[in-house]
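Q: There's a structure below that I have some questions on.
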Amino acid sequence: MIPAADLEAEEADADTERKKGSRQILIDQIRELEDFVFVGGHRNGARVVVIEPAEAMNHAAQNALLKILEEPPASVYFILISYRWRRLLPTIRSRCRSLALARPNLTQAKAWLKSEGADQAAGLLPLVGHAPLLALAENTLGRGAILIEVMGSLANPGRNSLQLAARWQALLQLKSESGLVMDRFVELVQKWLFELVLVKLSGRQRLNEGQGAAARQLAEKASAAALLRCYNDLMKIRALASHPLNPQLFLEDIAERYLHALAMERT
């Protein structure tokens with residue numbers, strides 16, 4: 001089971017325009033599982049339900065799943081794959097056996113990408129939490145270049161918030177299937193803000209080394225407190241990123257907050 005938007009993307013005709021679906025797993029999708037779970041197969045074999053990413057279930061969907069998990073048939077197995085497990089209801093987590101899967105180290109990740117013929121995806125690893133599968137997926141979908149260009153715009157933002165927002169809107173390709181979704185964009189801005197704070201306070205860097213000089217220059221002039229305030233502000237408005245009423249105004253707001261944080265000199 002996957003989010004409704006991804007399901008629609010698989011079913012939609014490539015030449016047919018459609019409205020952008022929900023990035024959530026909805027309650028109706030969970031309810032559709034009931035026949036599969038509670039109506040036995042003709043051979044009484046084991047049945048498996050896979051939900052990925054599990055945190056994409058909204059609150060109503062999680063409550064609906066909880067009712068199924070309370071008394072599931074012995075022959076039905078649920079596999080919930082989550083990258084942000086803390087977003088799941090504690091009552092759901094308490095009914096599951098947790099198995100933490102560690103990420104491979106950088107050397108292993110690069111070696112695996114090379115074996116897949118995707119050496120260029122290695123540059124995306126710092127931007128996707130060093131997850132090689134995600135780096136490969138972003139590269140295959142053509143979003144790797146967008147991620148790199150967004151980071152470049154943050155490293156060299158200029159001074160005009162409207163121009164910066166327009167630049168972002170062109171980069172994100174929000175109406176394209178291969179575009180970058182808004183909440184993923186907000187996450188990238190937060191990663192960069194954290195990078196600037198890290199550089200300022202410790203001199204260390206975690207993201208693309210190609211932006212190292214720009215990060216040091218921006219961090220030297222800015223206030224760590226202002227950068228952290230901007231980070232926290234984005235944390236609050238990120239909840240609205242999936243369905244902003246006006247994407248252009250949403251981007252302009254972020255651009256204004258970001259440039260304001262950079263302009264606040266250290267004290």
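Q: How large is ³J(HN,Hα) for each residue in segment 52-64, as worked out from phi by the Karplus curve 6.51 cos²θ - 1.76 cosθ + 1.60 (θ = phi - 60°), to whole Hz, x for Gly and Pro?
A: Values, residue by residue: 9, x, 4, 6, 6, 5, 6, 4, 5, 5, 5, 5, 5 Hz.
Q: I would also like to ask the following. Name the long-range amide H neighbours of PHE78: under 5 Å, sequence gap of 5 or more, or other chain; modelled H, no Pro or chain starts.
A: VAL49
Q: Once amide H atoms are placed 1.01 Å from N in the peptide plane, what residues at a sequence separation of 5 or more from GLN24, or on another chain, have their amide H within under 5 Å of its amide H?
A: Result for GLN24 returns ALA4, ALA5.
Q: Among VAL128, MET57, ALA241, which residue has its Cα positioned farthest towards the positive end of the charge dipole of the chain, with +1 placed on the Cβ of Lys and Arg, -1 on the Cβ of Asp and Glu, and the dipole taken about the Cα centre?
A: My answer, from the dipole projection, is VAL128.
Q: Roughly how big is the chain's charge dipole about its Cα centre, with Cβ charges of +1 (Lys, Arg) and -1 (Asp, Glu), in debye to the nearest 20?
A: It works out to roughly 1160 debye.
Q: So, one more: Pick out, from ALA215, ASN139, ILE30, the residue whose Cα sits farthest towards the positive end of the charge dipole of the chain, with +1 on the Cβ of Lys and Arg and -1 on the Cβ of Asp and Glu.
A: ALA215
Q: Continuing with the same structure: Please turn the phi angles of segment 31-38 into ³J(HN,Hα) values with the Karplus equation 6.51 cos²θ - 1.76 cosθ + 1.60 (θ = phi - 60°), one per residue in order, whole Hz, x for glycine and proline.
A: For segment 31-38, the Karplus curve yields 4, 5, 6, 4, 5, 5, 7, 9 Hz.
Q: Turning to a different aspect of this structure: Using alpha carbons only, how many degrees (0 to 90, rounded to 10) separate the axis of helix 106-115 from the longest principal axis of the chain?
A: That works out to roughly 70 degrees.
Q: Loop only by DSSP, 14 or fewer other Cβ within 10 Å of the Cβ. Give me the trypsin sites (Lys or Arg not before Pro) in segment 112-204 that pass, ordered by residue number.
A: ARG159, LYS175, ARG204
Q: Compute, for segment 82-161, the length of the dipole vector about the Cα centre, with Cβ point charges of +1 (Lys, Arg) and -1 (Asp, Glu) only. Units Debye, rounded to 20.
A: Rounded to the nearest 20 debye, it is 600 debye.
Q: Using the basic label-point model (7 angstrom from Cα toward the beta carbon), what is the GLN173 to ALA74 distance in nanometres?
A: So the label points at GLN173 and ALA74 sit 5.2 nm apart.
Q: Further question: Skipping prolines and chain starts, which residues have an amide H placed within reach, meaning under 5 Å, of the one on TYR83, given they are 5 or more residues away or on another chain?
A: Result for TYR83 returns ALA54, GLU55.
Q: Angle, helix 144-155 long axis vs. longest principal axis of the chain, Cα atoms, 0 to 90°, nearest 10?
A: Orientation of helix 144-155: about 40 degrees from the principal axis.
Q: Relative to the longest principal axis of the C-alpha atoms of the chain, give the angle of the C-alpha long axis of helix 182-202, reported between 0 and 90° and rounded to the nearest 10°.
A: The two axes meet at around 50 degrees.
Every number here is computed from the coordinates shown, using simple stated rules; none is lab data. A quick note: this is a predicted structure, and the numbers were derived from the prediction, not measured. Positions of Cβ are generated from backbone atoms using ideal geometry, with glycine treated the same way; all protein chains shown enter the neighbour counts.
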